[in-house]
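Report on the structure given below.
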Amino acid sequence: MAFNSMVSLKYETNELTDCISLVSGIDLCKAIRTFHILAILCGLTFIGLLIFKNRIFKATIGKLEQ
């Protein structure tokens, strides 16, 4: 399995507006959208953990003391 560095859209298409790779035939725009959605979800999860960290720690410590 190869690491996808996302430079394929620049080098595997004729125009930047093209989405289908000339080399592999896959939809590169779909991969970019998927990575954007995953990045947003990871960011929201991180922010949620930062906001609720005190509640999470209090619940964990309370269960350990019992």
> What about I61, is it among the β-branched types (V, I, T) and at pLDDT below 80?
Replying inline: yes
> From the set of residues in the stretch 22-45 that are assigned to a helix (DSSP H, G or I) and among the hydroxyl-bearing types (S, T, Y), which is modelled with the highest pLDDT?
Replying inline: T45
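The values are calculated or read from the model by the stated rules, or taken from the named source; none is laboratory data. Since the model is a prediction, treat every value here as computed from it, not as a measurement.
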